[in-house]
Amino acid sequence: MKMHDLELSVNGQSVSLRVEPRQTLADALRGTLGLTGTHLGCEHGVCGACTIIVDGEPARGCLMLAVQAQGAEVITVEGVSPPTGLSPIQQAMREHHGLQCGFCTPGMVVVLHHLLSTNPDPTDDDIREAISGQLCRCTGYQGIMAAARAVVARRRHEIRDN
Amino acid sequence: MKPAPFDYHAPETIQGALELLDRHGSDARVIAGGQSLVPMLALRLARPEVLVDLNRIPELAGIRDCGGTIRIGAMTRQAHALASPLLRDRLPLLGYGLYNVGHPPTRARGTIGGSVSHADPAAETPAVMLAYDARMVLAGKSGTRTVDVADFMLGTFETCIEEGEILTEIVVDVPPAEGTAFVELSRRKGDFAMASAAARMRLNEDGACASARLVIGAVAPVPLRFDAVTDALTGQVVTEGLLREAVSLIDLERFEFDNPDISLAYRRHIGPVLARRALMQAFERAGERRS
Ligand SMILES: Cc1cc2nc3c(=O)[nH]c(=O)nc-3n(C[C@@H](O)[C@H](O)[C@H](O)COP(=O)(O)OP(=O)(O)OC[C@H]3O[C@@H](n4cnc5c(N)ncnc54)[C@H](O)[C@@H]3O)c2cc1C
Ligand code: FES
Ligand code: FES
């Protein structure tokens, strides 16, 4: 089995990786790069905990082989969080009881970040659609919806005030 | 679980992919979006020795408007097809179906060609393609061949794609102005359908049904067409009552799937209900498109 050498960008930094073809991108991010914010739940595409952004689109980290990421631009939950403190989405999740154990949270934060960066004023239906592929076993989704709504409402406010 | 080891190739041309498939024979498997294949690798339901990745072949992706027909490259992402104004305008049924395929992150990677090649009985795209009488273009070492969708789908996870061949594109004739609808029942949006119905309807000047098409999916190894139902509608003024009568002509004997989660009896109950709703919606949309 041949190993492959890759060059890709992760959270804005160029990285080189040497991978076995069967290694998933999520495993490479966690194991080799130490970016353990990306969680692995089911490892076959169902739960969404591993969701990352690849070339501008949300994608399942467990359903992409690392070798397929040659030349790609990857953004993980670490890449959408400030170096210290919480992002507005993370802050809202905390305020609105959008998490309990936190296992699904990285995936939720990533898809909400993607939604808000591509759609400045999403409706409730847009938010539901964005998180539809993410499983949460703890909060029952209402807290997550409330958090997302709060971020959207704050943005509307800011737009109005400026 | 993790996939068993395999070698990986990412050719940049169709020719390159075909040569790799030819060289490795039954040891090789192509990977498109990976949204069905990678789970199968992880669960070790598939153990190819060589993976041939189609993602670096630009000529396989993209949607082309060829006047009377639209050609959809096999590697066109589901999300891209869903967002395409051309498809929304000319082949809206595809979008109605795709909206039910997985979720935004799976549609961003998953492809149209992968979805029909995977031939999951509960998948939406094969039912849509059957409703449109699409044609599948297959490339192999000795040239290309074009297969009608009805001959393409053979059974559960089974198509007529032969060893060494790949699906390169799907060709659909653009229909005249019509209404279409896709309705399914699943436990949660984005989950696989327990049963689904795809309908098309064209109206004549007096608003009567000029032609129609009905496909029911997820009830048998391949999606099923029910022409007796649509024959009964042709030439008639569509009403709720007429649709009720027409869907009673669905031959429920052709439904096969029976499992502890979704029984055959339940599928036979909801199949006609979904069919009626899809036909009604197609009729209403046909009216909007005419006026
Ligand atoms: C959480 C989740 C939910 C999903 N829900 C649905 C759903 O509701 N409905 C649905 O229909 N699907 C669903 N899917 C599956 C869908 O996302 C896949 O995209 C699709 O089934 C396969 O497309 P792919 O491009 O990912 O193909 P891959 O997984 O890469 O390939 C699938 C198979 O097709 C073969 N193949 C692919 N492309 C070609 C080609 N061009 N020529 C020859 N052979 C080819 C491969 O060798 C493989 O055997 C879901 C998946 C996930 C992870
Ligand atoms: S770990 Fe990737 S979807 Fe569950
Ligand atoms: S917070 Fe525990 S799974 Fe969502």
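The values are calculated or read from the model by the stated rules, or taken from the named source; none is laboratory data. This is a predicted model, so every value here is computed, not measured. Please note: Cβ atoms are built from the backbone with ideal geometry, for glycine as well, and neighbour counts cover all protein chains shown. Only protein heavy atoms, including side chains, enter the accessible area calculation; ligands, DNA and RNA are left aside. Shrake-Rupley method; radii C 1.70, N 1.55, O 1.52, S 1.80 Å.
The table below lists the values:
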| read-out | value |
| --- | --- |
| Segment B:34-54, residues that are under 19 Å from A:Glu20 (Cα atoms), within 8 Å of chain A (Cβ to nearest Cβ) and in a loop (DSSP other than H, G, I, E, B) | B:Gly34, B:Leu43 |
| Among residues of segment B:252-265, those that are assigned to a loop (DSSP other than H, G, I, E, B) and open to solvent by less than 70 Å² (accessible area, probe 1.4 Å), counted | 5 |
| Output for segment B:117-134, where each listed residue is open to solvent by 20 Å² or more (accessible area, probe 1.4 Å) and either within 17 Å of B:Asp151 (Cβ to Cβ) or without any contact (Cβ under 8 Å) to a residue 12 or more places away in the chain (or both) | B:Ser117, B:Asp133 |
| Those residues of segment B:9-27 which are within 14 Å of chain A (Cβ to nearest Cβ) and open to solvent by less than 20 Å² (accessible area, probe 1.4 Å), in sequence order | B:Pro11, B:Leu20 |
| Hits in segment A:115-126 - residues which are part of a helix (DSSP H, G or I) and away from chain B (no Cβ under 12 Å) | A:Leu116, A:Ser117, A:Asp124 |
| Residue, farthest from B:Gly34 (Cα to Cα), within segment A:16-60, restricted to residues that are in a strand (DSSP E or B), more than 9 Å from chain B (Cβ to nearest Cβ) and open to solvent by 30 Å² or more (accessible area, probe 1.4 Å) | A:Ser16 |
| Residues being touching a residue at least 40 places away in the same chain (Cβ under 8 Å), closer than 15 Å to B:Phe283 by Cα and assigned to a strand (DSSP E or B) - total across segment B:189-214 | 11 |
| The lone exception for B:Ser186 - which of (1) closer than 26 Å to B:Leu154 by Cβ; (2) touching a residue at least 40 places away in the same chain (Cβ under 8 Å); (3) surrounded by fewer than 22 Cβ atoms within 10 Å (Cβ to Cβ); (4) in contact with a helix residue (DSSP H, G or I) (Cβ under 8 Å, 6 or more places away or on another chain) it fails | (4) |
| Residue that is farthest from ligand 1 (Cβ to nearest atom) [pool: residues in segment A:83-104 that are in contact (Cβ under 8 Å) with a residue 60 or more places away in the chain and either of a type in the set (D, E, K, R) or under 20 Å from B:Pro105 (Cα atoms) (or both)] | A:Ile89 |
| Residues located in segment A:1-47, provided they are out of contact with any strand residue (DSSP E or B) (no Cβ under 7 Å at 6 or more places or on another chain), within 18 Å of A:Thr105 (Cα to Cα) and of a type in the set (S, T, N, Q) | A:Thr36 |
| Filter pass, B:Gly114 being outside any strand (DSSP E or B) and more than 16 Å from ligand 2 (Cβ to nearest atom) | yes |
| Segment A:1-15, residues that are surrounded by 14 or more Cβ atoms within 10 Å (Cβ to Cβ) and more than 8 Å from chain B (Cβ to nearest Cβ) | A:Leu6, A:Leu8, A:Ser9, A:Val10, A:Asn11, A:Val15 |
| Complete set of residues in segment A:60-75 that are in contact with a helix residue (DSSP H, G or I) (Cβ under 6 Å, 6 or more places away or on another chain) and away from ligand 1 (no atom under 11 Å from the Cβ) | A:Gly61, A:Ala66, A:Ala69 |
| Filtered residues of segment A:61-86 (kept if crowded, with 21+ Cβ neighbours inside 10 Å and within 11 Å of another protein chain (Cβ to nearest Cβ)) | A:Gly61, A:Cys62, A:Leu63, A:Met64, A:Leu65, A:Ala66, A:Val67, A:Gln68, A:Ala69 |
| Verdict on B:Arg77 being more than 24 Å from A:Glu20 (Cβ to Cβ), in contact with a strand residue (DSSP E or B) (Cβ under 8 Å, 6 or more places away or on another chain) and at the interface with chain A (Cβ under 9 Å from one of its Cβ atoms) | yes |
| Whichever residue in segment A:127-141 is within 12 Å of another protein chain (Cβ to nearest Cβ) and of a type in the set (Gly, Ala, Ser) and, among such residues, is surrounded by the fewest Cβ atoms within 10 Å (Cβ to Cβ) | A:Ser132 |
| Residue satisfying all of: in segment B:170-183; β-branched (Val, Ile, Thr) and surrounded by 19 or more Cβ atoms within 10 Å (Cβ to Cβ); nearest to the other protein chains (Cβ to nearest Cβ) among these | B:Val183 |
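So that you can scan it fast, the table gives a plain yes or no per residue for (1) open to solvent by less than 80 Å² (accessible area, probe 1.4 Å); (2) at pLDDT below 95:
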position	(1), (2)
A:Gln90	yes, no
A:Phe103	no, no
A:Ala146	yes, no
A:Arg156	no, yes
A:Arg160	no, yes
